[in-house]
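What follows is one structure encoded as structure tokens, with my remarks underneath.
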Amino acid sequence: MYASIAKLQELLDVNCRIEKVHPAILASDAEINIVIVSLACPDGKTHTIKAYREEALAVREFIRLLKK
């Protein structure tokens with residue numbers, strides 16, 4: 001498992017919410033080299049997770065599966 005997915009899961013487990021994913025999940029994955037995920041947590045903190053290349057595609061797929 002990629003470190004970014006582990007961190008994302010850790011934050012989701014403490015009730016943080018995904019606020020923004022750039023580029024949007026609806027966009028094509030054909031040219032994705034980076035993904036930036038912003039999360040808002042109940043304690044008022046905001047976290048940003050960045051992933052590159054293959055890891056970026058894995059993070060986007062992880063988020064897609066969460067939304068099902």
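Looking across segment 39-60, the residues that are assigned to a helix (DSSP H, G or I), on the phi < 0 side of the Ramachandran plot and either touching a Cys at 6+ places or on another chain (Cβ under 8 Å) or free of Cβ contacts under 8 Å to residues at least 40 places away in the same chain (or both) come down to GLU54, ALA56, LEU57, ARG60. Taking segment 41-68 as the range and being within 12 Å of the chain's Cα centre (by Cα) and open to solvent by less than 30 Å² (accessible area, probe 1.4 Å) as the test, the residues that pass are ILE49, ALA51, ALA56, ALA58, VAL59, ARG60, ILE63. For segment 2-19, indicate whether the set of residues that are among the hydrophobic types (A, V, I, L, M, F, W, C) and modelled with pLDDT under 95 is non-empty. No, segment 2-19 contains no residue that is among the hydrophobic types (A, V, I, L, M, F, W, C) and modelled with pLDDT under 95.
Out of ILE36, ILE63, ILE5, I need the residue that is assigned to a strand (DSSP E or B) and at negative phi. Which one? After ruling out the rest, the residue left standing is ILE36. For segment 18-38, residues that are in contact (Cβ under 8 Å) with a residue 24 or more places away in the chain and within 15 Å of LYS67 (Cα to Cα) total 5.
Could you tell me whether GLU19 is open to solvent by 60 Å² or more (accessible area, probe 1.4 Å) and assigned to a helix (DSSP H, G or I)? No: the conditions fail for GLU19.
The values are calculated or read from the model by the stated rules, or taken from the named source; none is laboratory data. This structure is a prediction, so every number in the text was calculated from the model and none was measured. FYI the Cβ positions are ideal-geometry reconstructions off the backbone, even for glycines, and counts take in every protein chain you see. Note: areas computed on protein heavy atoms with side chains; ligands, DNA, RNA excluded. Shrake-Rupley method; radii C 1.70, N 1.55, O 1.52, S 1.80 Å.
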